[in-house]
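The numbers here are math on the coordinates, done by the rules we state, and not lab data. What you see is a predicted model; the values in this text were computed from it and never measured. We place every Cβ from the backbone using ideal geometry, glycine too, and count neighbours over all the protein chains shown.
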Amino acid sequence: MAGGGIGGAAAALALARAGFAVRLFEARPDPAEAGAGLQIAANGVKALRWLGLEDAVAPFATRPERLELRLPGSGRTVSRVALGAAHAGRYGAPYFHLHRADLHRALFEAARSHPAVSIELGRRVTRAVQTAGEVSIELDNGDTAEGRALIGADGVRSALREGVAGIDAPVFTGMTAWRAVVPATDADLARPPVATVWMGRGRHLVTYPLATRREINLIGVVEEKPATDESWLAAGAPADMAADFGGWHAETDALLQRVTAPWRWPLYERHPLSVWSAGRVAQRGDACHAMPPFLAQGACMALEDAVVLARRMAARPGDVAHALRDYSEARRERTMKVQRASWANAWRFHLAHPVLRTCVYGGLAAISALVPSGPGRMYDWLYRYDPATA
Ligand SMILES: Cc1cc2nc3c(=O)[nH]c(=O)nc-3n(C[C@H](O)[C@H](O)[C@H](O)COP(=O)(O)OP(=O)(O)OC[C@H]3O[C@@H](n4cnc5c(N)ncnc54)[C@H](O)[C@@H]3O)c2cc1C
């Protein structure tokens, strides 16, 4: 396994639980995740359940009551999606807000403590060569290692993807994300936990509580060109974030005033692959299907990938290449659909033309009023999925 992020740690654990011995190489000496929140919906929680981690993660999770789509200025709520008990009852698992560090630590520590997993930190996989019976890899310190398969979990900037897909590069989405976590006040924590999407023109701001840490997570997405191609993750200035989203509403201004150390993150994606494996090498997670975060599903897809990969490998233990192809077949259509649905949300959240805004948001408000469960049901196909049976 190359890469020990959320996806790589989950896949290492899943494969170990399916009976395989795993060596995981992670390029960073300390793989801890940076500070920010993640929404993990029922489909992702079902993957955690299969991994035996739902109960370990639950104490760190906030369970939002609902998602609201609101308009800057008036603050009008145009649509509500019930989460909480409604989501858990309909889809068989809860909806969690988690700090990335809490989720990653749970996955990484469970993988590290599994007797079938060995983890080597500060080791970058630089090359993979396949022979008839095995894959040989080279590491950046000159060492080599051999195994029956190589799983590339090396993120959106994956170098190993080339061996499966030929030369291609991450694609800039034309959008930059601001990320910040601010302290929650007692008043914030006294309110029911709600995830809110504030829909501006060519931009949107998402806020949600991480109540167990007494924090509020903010993600602001702006349509723009990145400053430089190299600026994958850069410290930003609070004043610049406020310039992008300030003056929208008293609630958002109160949060922006508390931002001290935001990050700017140009959003890249990967074009869908027609095949995810070549012989004994396969891709997964962002390395395979990095998508814009407008449906909050990138990590959920990486968790699903992990479970389906392990189950397909276990179904054909003696035939790695076919097992990896089965996995690719099982996952490709779904992740492409999720990628498209993420883009549809970008359109919905960023409408600029006043007439379009009136028509679309008026329509959404009418649907919400007439059929309160309607907006949520739109995603039945997404949340009903269970990687343990798919
Ligand atoms: C602003 C934003 C908000 C998001 N919100 C959500 C959300 O609410 N819900 C959700 O489900 N998803 C969300 N996502 C998506 C989610 O963060 C990603 O999909 C997920 O983290 C991908 O995990 P990964 O393990 O595939 O990749 P990464 O997390 O990128 O991990 C890749 C790992 O591989 C290592 N590596 C790289 N190259 C090598 C190599 N050659 N050898 C060894 N190691 C290597 C890296 O050091 C890294 O640790 C969001 C994303 C963004 C940008």
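For the pair Arg127 and Arg157, the difference between a 0.36 nm per residue extended length and the Cα-Cα distance amounts to 9.3 nm.
Under 5 Å between amide hydrogens, built in the peptide plane, is the criterion, and for Leu210 it picks out Glu215, Ile216, Asn217 among residues at least 5 positions away or on other chains.
3J(HN,Hα) along region 4-21, derived from phi through the Karplus expression 6.51 cos²θ - 1.76 cosθ + 1.60 where θ = phi - 60°, amounts to x, x, 4, x, x, 5, 5, 5, 4, 5, 4, 5, 5, 5, 8, x, 9, 8 Hz, with x in place of Gly and Pro. Across region 182-319, Cα pairs under 8 Å and at least six residues apart give a relative contact order of 15 percent. The loop-placed trypsin sites (Lys or Arg not before Pro) in region 11-77, going by DSSP, that have at most 15 neighbouring Cβ atoms within 10 Å of their Cβ come out as Arg76. Phi-derived couplings, Karplus 6.51 cos²θ - 1.76 cosθ + 1.60 at θ = phi - 60°, listed residue by residue for region 109-114: 5, 5, 5, 4, 8, 6 Hz, with x used for Gly and Pro. Rounded to the nearest 10 degrees, the angle from helix 320-349 to the longest Cα principal axis of the chain is 10 degrees. Charged neighbours of Arg80, selected by a Cβ distance under 14 Å, balance to +2 (K, R count +1; D, E count -1). Specify the angular offset, from 0 to 90 degrees and rounded to the nearest 10, of the alpha carbon long axis of helix 298-315 from the longest principal axis of the alpha carbons in the chain. Result, in degrees: 30.
The length gained by stretching the chain between Ala34 and Ala344 to full extension, at 0.36 nm per residue less their Cα-Cα distance, is 108.8 nm. Under 5 Å from the amide H of Gly4 lie the amide H atoms of Ala27, each residue being 5 or more positions distant or on a separate chain, with H modelled from the backbone and absent for Pro and chain starts.
Once you have a ≥ b ≥ c as the square roots of the Cα gyration tensor eigenvalues for region 26-69, tell me rounded if a/c is under 1.5, and otherwise prolate or oblate according to whether a/b is larger than b/c. Cα axes put region 26-69 in the oblate bin. Estimated at 0.36 nm per residue, the fully extended path between Ala250 and Asp55 surpasses their Cα-Cα distance by 66.5 nm. Backbone amide hydrogens, once placed in the peptide plane, bring Met175 within less than 5 Å of Glu224, Leu267, excluding anything fewer than 5 places away on its chain. The trypsin sites (Lys or Arg not before Pro) of region 352-384 that DSSP puts in a loop, and whose beta carbon has at most 15 other beta carbons within 10 Å, are Arg384.
Using only Cα atoms and rounding to the nearest 10 degrees, what angle (0 to 90) does helix 354-370 make with the longest principal axis of the chain? Computed tilt is about 80 degrees. Taking a point 7 Å out from the Cα of Val371 in the direction of its Cβ, none of the residues of region 85-103 has a backbone N less than 14 Å from it.
DSSP beta bridges fully contained in the chain are about 75 percent antiparallel. Per-residue 3J(HN,Hα) values for region 138-143, derived from phi via the Karplus relation 6.51 cos²θ - 1.76 cosθ + 1.60 with θ = phi - 60°, read 10, 10, 5, 8, x, 5 Hz in sequence order (x marks Gly and Pro).
Size of the chain: Rg and Dmax of its alpha carbons, in Å, are 20.9, 64. Residues Ile6, Ile119 in ascending order of nearby Cβ atoms (within 10 Å, fewest first): Ile119, Ile6.
Tell me the relative contact order for the chain as a rounded percent, counting alpha carbon contacts under 8 Å between residues six or more apart. Over the chain, the number comes to 23 percent.
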